[in-house]
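Working notes for the structure below.
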Amino acid sequence: MPVGGFVINVDPERIEESVHRLESVEGVEIHGSDNKGNVVAVMESSTSSEMEAMVKAIMAIETVYSVALTYFNGEDEVERGRDGV
Amino acid sequence: MGLSRREFIKRTAALTAASYAGLSLPISNEDYSAHASDADSWHKGTCRLCGSGCRLELEVKNGKAVALRGIPQSRTNMGYLCMKGMLFYKLMGNNHPERLKKPLYRARKDQPFREISWDRALDIASKEFAKTVKKYGNNSVAYYGSGQAFTEETYIFQKVMRGGLKTNNVEGNPRLCMASAVGGYVTSFGADEPIGSYSNFERASCFFIIGSNTAEAHPVLFRRIMRRKMDNKDTVKVINADPRVSPTSRIADLHLQFAPGTDLALLNAMAYVILEDKLYNEDFLKNYADFRMGKKKKKVSLQKYMAFIKDYTPEKVARICGGNITADKIRKAALWFAKSEGTMSLWTMGINQRSRGVWANNLIHNLHILTGQLCRPGADSFSLTGQPNACGGVREGGGLCHILPAHRLVKKNKLRHQVERLWGIPEGRIPPKPGYHTMAMFEAVNEGKIKAIWINCTSPAQSLPNCDKYRKGMRREDVFIVVSDIFPTKTTELANLILPTAFIFEKTGVYGCTERRSQLTVKAVNAPGEAKPEVWMVREWALRLSKELNDPVIKKCVEPFMGKEPDYELPKAIWEEYTQKLTKGRDNDLSGATYEVLEKLPDGVQWPAPTKQWALKGGTDIKFVRGLDPLADKYAKNDLPYQFYGPAHPDRKLWIWLRPQKGPAEMPDSKYPFYLSTGRIIDHWHTSSMTGRIIELMRANPYAYVEVNPKDAERLGIKPGDMIEVVSRRGRNILPAKVYVGPCEGMVFVYWHDEDENRMINRVTKDAFDPGSKEPEFKICACRIKRVSGPRPLKPFLVHMKA
Ligand code: SF4
């Protein structure tokens, strides 16, 4: 089960609304935000394909300006050998 | 109570993200040390899927890459990565089943490939090249390289070709993307590559982004620009000038949507406003600038320039530009540009891939010289590079037909002989005439003038404009083609010999990104099967060539590298020769940036870095400024704070060029009424031979499509998903439509990553090129479009190896 740590940048004037919408994406946990619109999120999914789909869904929210990854762990997938196949 | 492994990983993810954004969270990883010890090791390196140069650490467990994190201390990405950066570890080591693992050979291109040993592969490669040289002369062989190869690789290839095989037929795919930027920097500033750095992102008050979809092509750099804008919404302005509305336009205060090919007029009109409203910086002009025109670079007066620019009134140019351009918008853009505390221009292929790409570069630089928006914090004329090592390897390492390592021109006797001396080979060994530039090289393949070519780490069969024309030549049975790469591509389909190479993190080497920064990646995992680093291949090949041609000088070219193990010692020895001998005393002096220094830093070193002490601080952030650039102090000729010591301008001036508007090589007409432009999408890189194999990225964008403006779609009865035929005088594609307010009316846009014959847009593009830089005009040609059917089920396509 891959896990990613992300910083999502949202419109600083619409933070609350953005966080709310982010929380509604399944598998996304919001860990905090600041008044500049930096939102710290952890995403967990059963495959990295699913995580890519989650990122796509987040990018489609119009108050989201960018989604940046800072940490990614895919050790289970690699060990199961199903990676990239 | 310790945390579960799962919980630990999740907390690590949250804490890493929070620390990069400067947030503190009410959680901790109490058992951190216990868990940290079960990671085998972390390895620093660079992402190779765009030109940004993001630094990351790869976690290796049981010999496999399993996790990664951005390096927060890195001055390129500050710890952030995009999705491509997150997933490219899936191509490493044995993580991907389709990696090329054995040398493959066929004598004829209509035969299937057979696996052969390395010994035999190197024998074949050397015999074929030697045979060709003997029969057809030294200029019948060529090397075509890549802005994704390490500097050590480009350097050793070109050394063997020039010093060993006595030909300057050394080229690389940066000719297709960066050559016009080189031409622009050299003719405007007297020296290649940007004056400033990424650090200007956090200091600029105005961004002028023209011909770059930064949000998709350089996502992590875009994040920095976006952050600067969001943190200073009212004081920082973003101007985006582009015929297409792209995700980059989202943060723009002003979008200038001009018709394709009217960029030169737009830039001259901004200069007009700067002159008319006296927005120029008189002192800066007096101290540092000159005006030039024509092929002979004739010096002219400010009055002459003013008379020239009179023709570009905003009112007149607004009519030329069409789109949404008004005179007011041009005036506003010029005012913001000139008046801001620091203006940073950014551009890539939209400007470079033009039949007047060098001129377009000059005209951007003109605006900076006129207003003195250079050399101070936030002020810079900054070309973004497309590939991770186009600057470091190809521009600096001697990877183009007219340049030798460290910015030396082939045609200058003194510089050529200098290189021969440094290499310890006889004077006169390197021919005085530059070799074939990329388009001429593949034309020479078509004509049978080039009979043997080594193509490394790139796929010209797909990436050349009007590629069908050049694939014909590559199919010739009398042209022997070696391709070294990690996966099958459209080009391996045309090869005689395929050599499997090690990927990044499976070998050691340096990438130099856009901001003059060289960054080292040391081997962390084993390459799959028998894949090998290129530096080893070239050394072994050269030794055999030396025997075949009975020429000891070829051996001499690789003698300093004999006996070195290939994963670390060999590239290190090559880097040492290149930096300590070739760059010493040149404007890209990297002699302080040894492997030891590079390994100590989280990111790397910006040249000039003439001493280790200077290199350990990261090198030079802004060139030409006394006190900030050691060479500006060393070469100072007067008391002025800026010293433009670039090798191409002996007068030490910045040159403002008189360059008229010039349209594209092919304009829409009644038969082909649309402009066709091409570009990238965030999830794919170039010809998608790598990103197409990362299943998540492929699923997100399984095939290319054609973007059609809704007004054109309505007129032509085109609905989203309909199959559209895109035809030019050269070729034809059939792709699904995306109806979208992206391209302006009368223009369509197609992504160029798809390997499917029906969706490979370079079969349609035009191979006209800039007479100065020889860079092709990928961005503009004429086409017609037609709806051929409703939506059809489509399959993603990748070239696979046929047994
Ligand atoms: S922005 Fe470019 S270099 Fe950075 S992670 Fe993404 S693809 Fe890699």
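The values are calculated or read from the model by the stated rules, or taken from the named source; none is laboratory data. Predicted model only: the values in this text are computed from it and were never measured. Ideal geometry is used to build each Cβ from the backbone, glycine not excepted, and the neighbour counts take in all protein chains shown. These accessible areas exclude ligands, DNA and RNA; they are computed on the full protein's heavy atoms, side chains included. Shrake-Rupley method; radii C 1.70, N 1.55, O 1.52, S 1.80 Å.
How much length, in nm to one decimal, is gained on full extension between B:A327 and B:K786, taken as 0.36 nm per residue of separation minus their Cα-Cα distance?
Extending this stretch completely gives an extra 161.8 nm.
Can you list the equivalent-ellipsoid semi-axes of region B:504-631, largest first and in whole Å, using the square root of 5 times each Cα gyration tensor eigenvalue?
Here the semi-axes work out to 30, 19, 10 Å.
Translational diffusion coefficient, Stokes-Einstein: compute it for the protein assembly as shown using the Kirkwood radius over C-alpha pairs as Rh, at 25 °C and 0.890 mPa s, and state it as an integer in µm² s⁻¹. Don't jump to the answer; show the numbers that get you there.
On the way: Rh = 27.7 Å.
Calculated translational D: 89 µm²/s.
Sticking with the crude label model, points 7 Å out along Cα→Cβ, report the distance from B:I116 to A:E26 in nm, one decimal please.
The two pseudo-label positions are separated by 5.4 nm.
Under 10 °C and 1.306 mPa s, how fast does region B:313-400 diffuse according to Stokes-Einstein, given a Kirkwood radius computed over C-alpha pairs? Answer in µm²/s, whole number.
D, rounded to a whole number, is 107 µm²/s.
Give me P(r) over region A:3-83, computed from all C-alpha to C-alpha distances, binned every 5 Å, as integer percentages.
Computed distribution, short to long bins: 3, 16, 28, 25, 13, 8, 5, 2, 0.
Taking only protein heavy atoms into account and a 1.4 Å probe, give the accessible area per residue of region B:674-789 in Å².
With the other protein chains kept in place, region B:674-789 gives 31 Å² per residue.
Along the Cα→Cβ direction, 7 angstrom out, place labels at B:K131 and B:E596. What is the inter-label distance in nm?
Label at B:K131, label at B:E596, 4.8 nm between them.
I need the semi-axes of the equivalent ellipsoid of chain B: take the C-alpha gyration tensor, multiply each eigenvalue by 5, square-root it, list largest first in whole angstrom. Kindly include the intermediate steps, with their values, before the conclusion.
Working: eigenvalues 273, 195, 189 Å².
With the √(5λ) rule applied to chain B, the semi-axes are 37, 31, 31 Å.
Using heavy-atom solvent-accessible surface (probe 1.4 Å) with all chains present, what is the largest-first order of B:R55, B:R108, B:R586? Write down the numbers at each step before the final one.
Working: B:R55 0, B:R108 105, B:R586 40 Å².
My answer, sorted largest first, is B:R108, B:R586, B:R55.
Please list B:138-145, A:53-60, B:726-733 highest first by mean number of surrounding beta-carbon atoms within 10 Å per residue. List each step's numbers first, then the result.
Working: B:138-145: 23.6, A:53-60: 17.6, B:726-733: 19.1.
Packing order, densest peptide first, comes out as B:138-145, B:726-733, A:53-60.
Given a 1.4 Å probe and every protein chain left where it sits, what share in percent of the accessible area of chain B is carbon and sulfur?
On the way: 13540 of 26020 Å².
Whole-percent figure for carbon plus sulfur exposure: 52.
Using the Cα atoms of region B:736-803 to build a convex hull, what is its mean projected area in square nanometres?
Averaged projected hull area, Cα only: 7.3 nm².
Provide the per residue accessible area, probe 1.4 Å, for region B:284-362, rounded to a whole number of square angstrom.
Computed with neighbouring chains in place, this is 46 Å² per residue.
Could you work out the Rg to Rh ratio of region B:134-282, with Rh taken as the Kirkwood radius (inverse of the mean 1/r over all Cα pairs)?
1.09
Report P(r) for region B:604-711: all Cα-Cα distances, bin width 5 Å, range 0 to the bin holding the largest distance, values in whole percent.
Cα pair-distance distribution for region B:604-711, in percent: 2, 9, 11, 9, 7, 7, 9, 12, 13, 12, 6, 3, 0.
If packing is taken as the average count of other Cβ atoms within 10 Å, what order do B:710-716, B:90-96 fall into, highest mean first?
Highest to lowest by the protection proxy: B:90-96, B:710-716.
With all protein chains present, calculate the accessible area of B:K414 using a 1.4 Å probe and round the result to the nearest 10 Å².
Taking all protein chains as shown, B:K414 has close to 150 Å².
If we restrict to alpha carbons, what Rg and Dmax does region B:266-366 come to, in Å?
Rg then Dmax for region B:266-366, in Å: 13.9, 38.
Mind checking the full-extension length gain between B:E427 and B:K298? Use 0.36 nm per residue of separation minus the Cα-Cα distance, one decimal, nm. Walk me through the numbers on the way to the answer.
Working: separation 129, 0.36 × 129 = 46.44 nm, distance 3.43 nm.
Here the segment from B:E427 to B:K298 would lengthen by 43.0 nm.
Consider all pairwise Cα distances in region B:181-384 and report the whole-number % of them above 29 Å.
Everything past 29 Å amounts to 15 percent.
Could you pull out which residues in region B:208-230 have an amide N less than 11 Å from a spot 7 Å beyond the Cα of A:E17, following the Cα-Cβ vector?
Zone members listed by number: none at all.
State the answer as a single residue: which of B:P72, B:Y20, B:G619 lies farthest towards the positive end of the charge dipole of chain B, with beta carbon charges of +1 for Lys and Arg and -1 for Asp and Glu, about the Cα centre.
Of the candidates, B:G619 comes out farthest on the positive side.
Around B:C781, which amide H atoms from residues at least 5 apart in sequence, or from another chain, sit under 5 Å from its own amide H, with H modelled in the peptide plane?
B:L676
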